[in-house]
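Structure, as structure tokens:
The values are calculated or read from the model by the stated rules, or taken from the named source; none is laboratory data. The model shown is predicted, which means the values in this text are computed figures rather than measured ones. Ideal geometry is used to build each Cβ from the backbone, glycine not excepted, and the neighbour counts take in all protein chains shown.
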């Protein structure tokens, strides 16, 4: 193609992405929409390196595709990515974003209304990435969802859980509300809306029991340093506390981060 034709294709794809974002009631200029791929390019790649994940040639499931940012990064690194999301509007934005970034041959997003029964083959994926999504899975469904994720993974496949708001945090990381994680659910009925809460590490531990082992206990601190530079005192305190308890620090951090291995 000539440069003029390529420029026209790029403009058409950008227009399609912006239209899909607006249709989903998103601002395409929001850094968490139009700029999310760039963010993950600088934040996700170092984490992958620390955990020893080489996406090249791997079949990857992006669980909870949102606007497709993590999957696009993985596709650019050579993975074959399938994203799933329960929201068809997010899927439309993700596929438009995939086209905008020119990785249609390496990535796709599917609408899956019920992730307890995904239209995917068993033992299909080398890697699953769940980036800032498990906190949105209804608590009553988490065990079934993790069972289904386990089904579609290859034997000894790995699952990276990261960016997941923890319910033990004093401040909920999405809404920035203090102490909301400690409010019982009946409070939602009193205030007339569902209050965003993090995922309970205790609930996640029950959901993975007998299905996944936790690996890479020491890499959490290295990942923080790779992304953010020299860790501050709170981050080091989490790592020290986890070490004293012989557990992965990602269980204790405001953002749950764990490397899981299928058993």
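Worth a mention:
- Only one of the numbered conditions (1) over 27 Å from residue 54 (Cβ atoms); (2) touching a helix residue (DSSP H, G or I) at 6+ places or on another chain (Cβ under 6 Å); (3) surrounded by 12 or more Cβ atoms within 10 Å (Cβ to Cβ) is violated by residue 194, and that is (3).
- The single condition among (1) closer than 14 Å to residue 47 by Cβ; (2) at pLDDT 95 or above; (3) in contact with a strand residue (DSSP E or B) (Cβ under 7 Å, 6 or more places away or on another chain) that residue 249 does not meet is (3).
- Enumeration of residues in the stretch 245-255 that are under 16 Å from residue 213 (Cβ atoms) and either under 16 Å from the mean Cα position of the chain (by Cα) or touching a residue at least 40 places away in the same chain (Cβ under 8 Å) (or both): 250, 251
- Residues that are more than 17 Å from residue 48 (Cβ to Cβ), surrounded by 16 or more Cβ atoms within 10 Å (Cβ to Cβ) and out of contact with any strand residue (DSSP E or B) (no Cβ under 6 Å at 6 or more places or on another chain), drawn from the stretch 212-230: 217
- Residue count, the stretch 225-239 (criterion: in contact with a helix residue (DSSP H, G or I) (Cβ under 7 Å, 6 or more places away or on another chain) and either within 18 Å of residue 166 (Cα to Cα) or in contact (Cβ under 8 Å) with a residue 12 or more places away in the chain (or both)): 5
- Test: residue in the stretch 65-77 that is in a helix (DSSP H, G or I), over 15 Å from the mean Cα position of the chain (by Cα) and closer than 27 Å to residue 141 by Cα: no
- The strands (runs of 3 or more DSSP E) found wholly in the stretch 86-203 and carrying at least 1 residues that are within 18 Å of the chain's Cα centre (by Cα) and either more than 30 Å from residue 22 (Cβ to Cβ) or free of Cβ contacts under 8 Å to residues at least 24 places away in the same chain (or both) occupy 125-131, 153-165.
- Which listed residue, of 30, 38, 54, is out of contact with any strand residue (DSSP E or B) (no Cβ under 9 Å at 6 or more places or on another chain), within 23 Å of residue 151 (Cα to Cα) and surrounded by fewer than 21 Cβ atoms within 10 Å (Cβ to Cβ): 54
- Matching residues, the stretch 65-83, being over 16 Å from residue 41 (Cβ atoms) and surrounded by fewer than 24 Cβ atoms within 10 Å (Cβ to Cβ): 80, 82
- Selected residue (only one of 242, 222 is touching a residue at least 12 places away in the same chain (Cβ under 8 Å) and either closer than 27 Å to residue 145 by Cβ or in a loop (DSSP other than H, G, I, E, B) (or both)): 242
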